Amino acid sequence: MQVSVLTGLLVLITGAVYIWLHDLAWWHSQPFALLLILVPLIPAYLCRPWKLRASPLPMSMRHQLLLGCAALAWLVGLSTGYVFPFALSWAALFCIFMHQNFESERANDILKLLPFALLAFPWIVLDGDTIGWYFRLSGAIVNEHVLAAIGLDVERQGVSLLVSGLTINVLADCDGIDTLQTMLMAGGVLGFLVSGKKDTQYWYIWPMIIIFAWLANTLRILLISVVGLLYGVDFAMGTFHDWGGTVSVALMFLLFAFLTLGFSAGNSNENQHAH
């Protein structure tokens, strides 16, 4: 194997180990986050065969600029302590490394691996407080209007709802971070399987996944509110809380899968008619 390939692999492996060990809070809260390391392997395997170039490509001006951005992002990570800049920097280095040393039968395969390279680190779990807050707040606002529309007396203060005398607090457990992480992993792989060969359609699935993750979390808050009114807050926040969230995620994932498969099939039929 070429020296440049070995050097690049060493840099990527060292960087990945540093990012994972930078903040071990994920291990105490969600040890299964370690499985994120395996996520990029699935699309990388599906893009095979990867061919090692006879000699590395010279670094283009675009990749030099990308390298500078990667260095800047790494410095931001060091100065702020956030994991996302580190993951962004690593994904940029991964892109440069793959483009210079490997080639695939499809020209855009390397670009399509970038979201998975970014998801290979626990930045959503560690840096997701802001995202979680807006998921909670927006979910509470939507549920305020939905419950009011069906005739219930609703008042909202921040992420707390007072529904017909019952107080429902949208706590950190309903921040949607786990939902977002799950949907991005599973939805990304499904989207790649369905739309990986369709350059334009493939990139549409990522904002779709985020929307459906938000919908799943909002639906979960609504279900907990309704169950709390019918069967009491202890049952809603106890037994129902966990599996109610699982049901809402499963429903939204199935809807996402249905739309993704339908959209792909529709485009395929249009292309066949065009030919």
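Every number in this text was worked out from the coordinates using simple rules, so none of it is lab data. Small disclaimer: the values here were computed from a predicted structure and weren't measured. Positions of Cβ are backbone-derived with ideal geometry, glycine not excepted, and every protein chain shown enters the neighbour counts.
Helix 177-195 versus the longest principal axis of the chain: what is the Cα-based angle in degrees, 0 to 90, to the nearest 10? The helix 177-195 is inclined about 50 degrees to the chain. Label positions at residue 18 and residue 231, each projected 7 Å from the Cα along the C-beta direction, are separated by 5.0 nm. Relative to the longest principal axis of the Cα atoms of the chain, helix 3-22 runs at roughly 20 degrees. Apply the Debye scattering formula to segment 128-274, with a single equal point scatterer on each alpha-carbon and no solvent, then give log10 I(q)/I(0) at q = 0.14, 0.15, 0.19 Å⁻¹. Debye intensities relative to I(0), on a log10 scale: -0.69, -0.76, -1.04. Distances between placed amide hydrogens fall under 5 Å for residue 102 paired with 53, all partners being 5 or more residues away or on another chain.
Expressed as an acute angle from 0 to 90° and rounded to the nearest 10, what is the orientation of the C-alpha long axis of helix 109-118 relative to the principal long axis of the chain? Result, in degrees: 50. Simple rule: put +1 on each Lys or Arg Cβ and -1 on each Asp or Glu Cβ in the chain, find the dipole, and look at 11, 86, 160; the Cα lying farthest toward the positive end is 11.
Taking every alpha-carbon pair within the chain, the share separated by more than 33 Å comes to 34 percent. Each stretch of four or more DSSP H residues adds -39500 (n - 2.57); spread over every residue of the chain, this sum gives -24000 deg cm²/dmol at 222 nm.
Derived scalar couplings between HN and Hα for segment 40-46 equal x, 5, 5, x, 4, 5, 5 Hz in order, rounded to whole Hz, by the Karplus curve 6.51 cos²θ - 1.76 cosθ + 1.60 (θ = phi - 60°), x for Gly and Pro. Distance between the pseudo-spin-label points of residue 108 and residue 27 (7 Å out from Cα toward the beta carbon): 4.0 nm.
Among the trypsin sites (Lys or Arg not before Pro) in segment 31-108, those located in a DSSP loop and surrounded by at most 13 other Cβ atoms within 10 Å of their own Cβ are 106.
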